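To start, the structure under review is shown below, and the notes come after it.
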Amino acid sequence: MNVITNSLRTKDNLTLFSRHWHSRKSPKAIVTIIHGLGEHSGRYQELASVLNNENIDVASFDLRGHGKSDGPRGQISNYKTLLRDIGLFIKTVKSQKTPLFLYGHSFGGNLVINYILQEKDTDISGVISSSPWLKLTTEPQNNALSNKVKTLKSIVKPHLLTRNQEAIKKYKQDPLVHYDISIRLYAAARKSGLYALNSTDNFYLPSLLMHGQADQITSWKATWKLKAKFGSSCTFKLWTDMFH
């Protein structure tokens, strides 16, 4: 596996850390991964290895406020900034000859869906989203949002991510994983999830939506509702008894 790390500079002068896993042969596609809240691009190395073996390049970056990228942990100035960061990164990895697919997990799923709806990027060939944060299964109580920053433990508990105990252990021990979320970021994620569900804009790209039926963090029913809205261009896969 050939991994190249790099960085890109945003318009507001932050440095974002990136990874690019190259397949051994000329790639037939590029998958750009947008990670979930509190995690980072390095957690997708195993998936990158599988895709590399299928002659697919994989590129990802740490969202601002995450992993090795600049920015206060779990905070944003506004949601549009995250969409602009995605657009900036896509420009660095796109190829004229190689189709590029955008994949997002959890909050990353929220971002990639809204990126297509709001930014109308014509460089994307298709979208994949697993367990997208469109709606939470349980919304935090108002008194849980009374401080500037709350831990994600009120939203994401590691034991609800997976039944794989080794994966849970690695998540807890990962020094780049954080549990911070500002009220502004939470409100932006909630608003953008509802926007995706209620938008009248056409989703013009082929898409694959996946969700675990036993997910106790994000709602699989909301993902199903989005599939019905997207119509025949969208494939939906419900994973029975699977978590987040």
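Each reported figure results from applying straightforward, stated rules to the coordinates on display, with no laboratory input. Note that the coordinates shown come from a computational prediction; the quantities given were computed from them, not determined experimentally. We place every Cβ from the backbone using ideal geometry, glycine too, and count neighbours over all the protein chains shown.
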Problem set entry | Long-range amide H partners of Thr218 with built H, under 5 Å | Thr137
Seminar exercise, completed: Leu194 neighbourhood, Cβ < 12 Å, K/R = +1, D/E = -1, net charge +3
Seminar exercise, completed: Along principal axes, largest first, the alpha-carbon spread of segment 1-108 in whole Å comes out as 40, 27, 22
Problem set entry | Kirkwood Rh (inverse of mean 1/r, distinct Cα pairs), the chain, angstrom | 18.1
For this session: Sort 103-115, 187-199 for me by packing, meaning the mean count of neighbouring Cβ atoms within 10 Å per residue, highest on top.
Result: 103-115, 187-199
Exercise. If you place +1 on the Cβ of every Lys and Arg, -1 on the Cβ of every Asp and Glu, and leave all else neutral, what size is the dipole of segment 2-239 about its Cα centre, to the nearest 20 Debye?
Worked result: 220
Seminar exercise, completed: Of the DSSP H helices in the chain, the ones reaching 20 Å or more along their long axis in Cα terms and averaging at least -0.5 in Kyte-Doolittle hydropathy are 79-93, 183-198
